[in-house]
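What follows draws every value from the coordinates through simple rules; no lab data is involved. The structure displayed is predicted, hence computed values, not measured ones. In this analysis, Cβ positions are derived from the backbone assuming ideal geometry, glycine residues included, and neighbour counts consider all displayed protein chains.
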Amino acid sequence: MVTRNHRMQYKKLHDKLYEIWDRYENEDEYTTSRLLRESSHLVGSGPIPANIEDHGEDEDEEKR
C-alpha cells in the first residue's frame with residue numbers, strides 16, 4: 001500500500017516536472033529563473049524569491 005502511494009506521488013511529481021520543462025523548451029519568454037522557481041516548489045526546497053537578480057539566460061538562448 002505504501003509503495004503504491006509513493007508511485008502515485010512520484011508519477012504526479014514527474015508529470016509536473018516534465019510539464020514545466022516542456023514549457024521551458026517551447027515558450028520563448030519562459031526563463032531559466034522561472035523554471036527553477038517553479039520546480040523548486042515541487043521538490044520541497046521552497047520557493048525561490050522572485051526578486052533574485054537574473055544573471056542572464058542559457059547559452060542556447062543567447063545564440064538565438
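Of note:
- Zone of residue 42's modelled label, taken as backbone nitrogen in the range 3-19 under 20 Å from a point 7 Å along Cα→Cβ: 5-19
- Per residue, the convex hull around the alpha carbon atoms of the range 1-45 comes to 51 Å³.
- In plain terms, the chain from residue 33 to residue 11 could stretch by 5.5 nm, reckoned as 0.36 nm per residue minus the Cα-Cα distance.
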